[in-house]
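In what follows, a single structure is set out as structure tokens and then discussed.
Just so it is clear, none of the values below were taken in a lab; they were calculated from the coordinates. Just so you know, these numbers come straight off a predicted model, no measurement behind them. Here the Cβ positions follow ideal geometry from the backbone for every residue, glycine too, while neighbour counts run over all protein chains shown.
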């Protein structure tokens, strides 16, 4: 569950730490989302378009990781 | 990974542990906090009493706390089925820690970096997840430094 009511902490150390934590969270969401899209039959080109990045970027990050899921699709 | 500067007996142990920690994290990146966790399980540093489980739990709390500070509560997010890379690359925080470890090694007139020197390099970070995590684990950095 993700619950959001965004605030920026006054202490810069806390605010900067939050930036790092949000980036790591975004990466985790991306991994799960890409995995599900591939399982649903999306191509890397379609996923790349949805993410607004190049197909190469998606492939570089995820193709090895999802080799088993994508095996019969390419 | 630039582990050629390490003393032979620590190299394999550290490299394997670091790979394990970074893989468990799933991002394909070795961060300074992964070095910290890897070193906490190092037999040569056992006398320091750094508890791997305790540090891993403090690291997770640091994450939750940092997200909560901006109003994000992310609980029970499912895990991806596999990590991004089986051979993770060094992130900036880890590179800086190793650089500091190398400087300490040179300053001490040693030819190769020991696990102690690397740990010093890791805990000498002024900012970032390592000092925040150590604080949450109630570990006195000054005291730890004095024992290295």
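Just one of (1) on the phi > 0 side of the Ramachandran plot; (2) in contact with a strand residue (DSSP E or B) (Cβ under 7 Å, 6 or more places away or on another chain) fails for residue B:49. It is (2). Looking only at residues in the stretch A:57-71 that are touching a helix residue (DSSP H, G or I) at 6+ places or on another chain (Cβ under 8 Å) and farther than 11 Å from residue B:84 by Cβ, the one that is surrounded by the most Cβ atoms within 10 Å (Cβ to Cβ) is A:58.
Screening residue B:71 against (1) surrounded by 19 or more Cβ atoms within 10 Å (Cβ to Cβ); (2) facing chain A (nearest Cβ under 8 Å) leaves a single unmet condition, (1).
Could you look through the stretch B:99-148, keep only residues that are in contact with a strand residue (DSSP E or B) (Cβ under 7 Å, 6 or more places away or on another chain) and assigned to a helix (DSSP H, G or I), and pick out the one that is surrounded by the most Cβ atoms within 10 Å (Cβ to Cβ)?
Only one residue fits best here, namely B:101.
Can you tell me which residue is nearest to residue B:83 (Cα to Cα) among those in the stretch A:7-38 that are over 15 Å from the mean Cα position of the chain (by Cα) and more than 7 Å from every other protein chain (Cβ to nearest Cβ)? So, considering only residues that are over 15 Å from the mean Cα position of the chain (by Cα) and more than 7 Å from every other protein chain (Cβ to nearest Cβ), the one nearest to residue B:83 (Cα to Cα) is A:19.
Given the condition over 20 Å from residue B:137 (Cβ atoms), without any contact (Cβ under 8 Å) to a residue 12 or more places away in the chain and not in a strand (DSSP E or B), answer yes or no: does some residue in the stretch B:36-49 qualify? There is no residue in the stretch B:36-49 that is over 20 Å from residue B:137 (Cβ atoms), without any contact (Cβ under 8 Å) to a residue 12 or more places away in the chain and not in a strand (DSSP E or B).
Listed here are the residues, each with its yes/no results for (1) assigned to a loop (DSSP other than H, G, I, E, B); (2) touching a residue at least 60 places away in the same chain (Cβ under 8 Å); (3) surrounded by 15 or more Cβ atoms within 10 Å (Cβ to Cβ).
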{"residue": "B:54", "(1), (2), (3)": "no, yes, yes"}
{"residue": "B:58", "(1), (2), (3)": "no, yes, yes"}
{"residue": "B:67", "(1), (2), (3)": "no, no, yes"}
{"residue": "B:76", "(1), (2), (3)": "yes, no, no"}
{"residue": "B:84", "(1), (2), (3)": "yes, no, yes"}
{"residue": "B:87", "(1), (2), (3)": "yes, yes, no"}
{"residue": "B:97", "(1), (2), (3)": "no, yes, yes"}
